[in-house]
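In what follows, a single structure is set out as structure tokens and then discussed.
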Amino acid sequence: MPGDILDPPSRGPVARDVARRAGVSTATVSRVLNGFAGVRADKREAVMRAAQDLGFVANGAARALSTRRFMAVGAVVPNIENEAFVRVLSSFQDRLRQAGYTLVAANAGYDLEDELREATFLLERGVDGLMLVGDIHHPDLHARIARAGIPMVQTFSLSRERPCVGFDNAASAARAANYLMDLGHRRIGVISGLRKDNDRGGARVTGIAAALAARGLGLAPEHDIEISYGIGGGRDGFRQMLAGGEPPTAIICGTDQIAFGAMIEARARGLSIPGDLSVIGHNDSDFAPFLDPPLTTIRIHSAEIGHAAGDHLIARIQGKPVVRLTEIDAALILRASTTPPGRRGT
């Protein structure tokens with residue numbers, strides 16, 4: 001009832017209780033629970049049985065002090081709601097769990113100061129490795145990781161200097177632009193998410209612009225839109241694009257959610273997709289094949305990136321040699337949201 005006073009929790013069993021029940025010393029209990037060799041089989045079995053009977057939970061902090069292992073790995077991602085990051089965390093966690101490690105994840109919100117704060121929290125509390133996203137970070141972050149003496153791996157982009165598992169963002173976006181130009185499109189627009197401190201988003205726009213320039217075309221300023229993420233951002237981005245004059249015949253969007261929002265806005269204005277406007281997304285979200293029309297998109301293999309990042313960190317934690325760079329190329333998935341320009345009814 002309201003106002004009731006709760007009794008403090010009772011003390012759980014400690015190593016001394018386990019030792020007393022098993023008939024051994026606390027030092028023997030510590031050696032058994034920390035996995036050290038040199039303990040007789042009968043004593044080891046007695047300790048494990050006593051710990052189970054008492055419901056004893058080992059003190060992870062104390063064990064970490066003696067073994068220098070926390071059995072936890074940290075990860076900081078820019079947006080915990082982004083499906084690509086959900087997938088990478090899930091597959092990353094699968095690999096860690098198989099090796100006996102626990103994942104501790106944090107969301108940075110595309111802010112380098114917040115990323116530094118979250119990563120520092122993980123480092124101070126104790127992790128055996130750290131996964132980050134991208135190659136742009138606060139200047140202090142890598143120094144703090146080095147002082148902690150733990151391995152780190154970056155994901156979703158490639159780095160010339162640091163361990164990474166990812167893909168060439170500029171090349172993948174250029175592939176989408178070249179496909180549209182091969183269909184006959186000449187006015188191609190871009191709606192991206194935030195590019196500041198985001199080497200993935202910035203590189204994709206750079207790749208699109210370079211592909212257009214290679215064919216004597218340009219990315220018009222009014223067709224180059226940067227917005228917040230999400231479906232609402234996609235609608236707003238396409239509205240801004242239409243306000244700039246003659247609309248493009250095709251757009252490449254930073255995420256599938258942005259693409260979905262742009263498609264909704266285009267339909268609301270009486271435009272046919274793909275007859276009046278071809279649309280390409282990014283990520284190959286679960287919903288992309290079920291849109292009307294199904295969305296052409298860039299599949300970035302987030303699950304494979306997560307698996308490879310997990311394998312990389314586990315190997316380094318265990319002192320095994322690993323390659324510094326693992327490239328998992330993105331793929332252009334063709335569906336019905338793209339067609340040659342002006343082909344209504346297709």
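The values are calculated or read from the model by the stated rules, or taken from the named source; none is laboratory data. Not measured: the values here are computed from a predicted model. Here Cβ is always computed from backbone atoms with ideal geometry, including for glycine, and neighbour counts include all displayed protein chains. The protein model used for the area step is the full one, side chains on, heavy atoms only, and it has no ligands, DNA or RNA in it. Shrake-Rupley method; radii C 1.70, N 1.55, O 1.52, S 1.80 Å.
Looking at LEU158, LEU122, LEU112, LEU132, which one is open to solvent by less than 40 Å² (accessible area, probe 1.4 Å) and farther than 16 Å from PHE92 by Cβ?
When all the criteria are applied, what remains is LEU112.
So LEU130 passes all but one of these: (1) among the hydrophobic types (A, V, I, L, M, F, W, C); (2) modelled with pLDDT under 95; (3) within 13 Å of the chain's Cα centre (by Cα). Which condition number does it fail?
(2)
Restricting to the stretch 287-306, give me the number of residues that are hydrophobic (A, V, I, L, M, F, W, C) and either open to solvent by 10 Å² or more (accessible area, probe 1.4 Å) or free of Cβ contacts under 8 Å to residues at least 12 places away in the same chain (or both).
Going through the stretch 287-306 one residue at a time, the tally reaches 4.
Filter the stretch 274-286 down to residues that are out of contact with any Leu (no Cβ under 8 Å at 6 or more places or on another chain) and under 25 Å from GLU81 (Cβ atoms) and give me whichever is most open to solvent (accessible area, probe 1.4 Å).
If we take residues in the stretch 274-286 being out of contact with any Leu (no Cβ under 8 Å at 6 or more places or on another chain) and under 25 Å from GLU81 (Cβ atoms), then ASP286 is most open to solvent (accessible area, probe 1.4 Å).
Quick one: is ARG117 of a type in the set (Lys, Arg), in contact with a Phe, Trp or Tyr (Cβ under 9 Å, 6 or more places away or on another chain) and farther than 30 Å from PRO340 by Cβ?
Answer is no for this residue.
Table: residues versus (1) surrounded by fewer than 17 Cβ atoms within 10 Å (Cβ to Cβ); (2) touching a Cys at 6+ places or on another chain (Cβ under 7 Å); (3) part of a loop (DSSP other than H, G, I, E, B); (4) at pLDDT 95 or above.
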| residue | (1), (2), (3), (4) |
| --- | --- |
| ARG195 | no, no, yes, no |
| ALA209 | no, no, no, yes |
| LEU212 | no, no, no, yes |
| SER228 | yes, no, yes, no |
| GLU246 | yes, no, yes, no |
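Is one or more of the residues making up the stretch 262-271 crowded, with 16+ Cβ neighbours inside 10 Å and touching a Ser or Thr at 6+ places or on another chain (Cβ under 9 Å)?
yes
Any chance you could count how many residues in the stretch 40-78 are at pLDDT 65 or above, within 24 Å of VAL153 (Cα to Cα) and open to solvent by 80 Å² or more (accessible area, probe 1.4 Å)?
Of the residues in the stretch 40-78, 1 are at pLDDT 65 or above, within 24 Å of VAL153 (Cα to Cα) and open to solvent by 80 Å² or more (accessible area, probe 1.4 Å).
Could you tell me whether the stretch 314-324 includes any residue that is within 17 Å of the chain's Cα centre (by Cα) and under 18 Å from PHE92 (Cβ atoms)?
No: the stretch 314-324 contains no residue that is within 17 Å of the chain's Cα centre (by Cα) and under 18 Å from PHE92 (Cβ atoms).
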